[in-house]
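First comes the structure, then the notes that go with it.
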Amino acid sequence: MIRGSVGPEPSARVMPMQANVSRQQAWDLLTEWVSSDSLRRHVLAVEAAMRAYAPRFDGDVELWGATGLLHDLDYERYPSLEDGHPRYAIRELEARGYPPELVRAVASHADFMGVPRETPMEKTLYAVDELSGFLLACAYVRPEGLVGMTPKSVKKKLKQPSFAAAVDREELRHGAEDLGVDFDEHVAFVIDALGAIRTEVLPAR
């Protein structure tokens, strides 16, 4: 059990551990819990970044992708950080037999859960989560969207406190630092990952 995991008992009986992580099953679970288009776009962006980074750290692409897709599973239903997200997601994922490393990564991406980030997958999820959201916010206000976006233009937006004000700038830099990747390189890498699925993560204009 993840330390700090609290919440109701799972509604279904605990299932056997999944031998393989199915992208389709993860997507079906996500769409069961999440109806918000903006939240779906966010987790798709994080999934893309996780899949792109996995080979760099010899990670399982499907496992890393599913972790990105499911990390905010309960945020729409239970957004409270005091007694909601990500506790309900943790319990649901455990009940459905998802790999413990996926469940632990979901827990560790929230600092207040007290689960230290130790593995490359956990550190990557933290590093790409808020950054993906910030990059999408930047893309929304650019006529070209993600096309042609550079770390320089992103850093210019970072210096504007009123732009995407909820994003913790220090968290973005700390995430890259903890991952051991230069910040500009990290931003460029995630831009490329999101650009590959830009029609899925940006609303039609």
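The values are calculated or read from the model by the stated rules, or taken from the named source; none is laboratory data. The shown structure was predicted, so the numbers you read here are calculated from the model rather than taken from an experiment. Don't worry about glycine lacking a Cβ; one is built from the backbone with ideal geometry, like all the others, and counts go over all protein chains shown. Ligands, DNA and RNA are excluded from the accessible area calculation, which covers all protein heavy atoms including side chains. Shrake-Rupley method; radii C 1.70, N 1.55, O 1.52, S 1.80 Å.
With all pairs of separate Cα atoms included, the chain yields a Kirkwood hydrodynamic radius of 17.2 Å. Candidate cross-link partners of K156 among the aspartates and glutamates, defined by an alpha-carbon separation under 13 Å and a same-chain spacing of 8 or more, comprise D184. Applying a DSSP loop filter and a limit of 11 other Cβ atoms within 10 Å to the GluC sites (Glu not before Pro) in the range 114-143 leaves E118. Comparing mean-square fluctuations of P161, P151, P120 from a GNM of the chain with C-alpha springs under 10 Å, the top value falls on P161. One equal scatterer on each Cα of the range 102-205, no solvent, Debye formula: the resulting log10 I(q)/I(0) at q = 0.12, 0.16, 0.23 Å⁻¹ is -0.40, -0.71, -1.27. Considering all projection directions equally, how large on average is the shadow of the alpha-carbon convex hull of the range 72-150, in square nanometres? Spelled out: convex hull of the Cα atoms, projected over all directions, averaged, 6.6 nm². Under 20 Å from the 7 Å Cα→Cβ point of K159, by amide nitrogen: which residues of the range 176-197? Only 183-188 pass the distance filter. In the complete set of protein chains, residue-level accessible area for D192 is approximately 110 Å², probe 1.4 angstrom.
Averaging the sequence gap over all C-alpha pairs within less than 8 Å and six or more residues apart, then dividing by the number of residues, gives the chain a relative contact order of 24 percent.
In plain terms, the chain from R142 to R77 could stretch by 20.3 nm, reckoned as 0.36 nm per residue minus the Cα-Cα distance. The trypsin sites (Lys or Arg not before Pro) of the range 132-164 meeting both criteria, a DSSP state outside H, G, I, E and B (loop) and at most 15 other C-beta atoms within 10 angstrom of the site's C-beta, are K159. Expressed as a fraction of 2.2 N^0.38 Å, the value expected for a compact globular protein of N residues, the C-alpha radius of gyration of the range 48-97 is 1.30.
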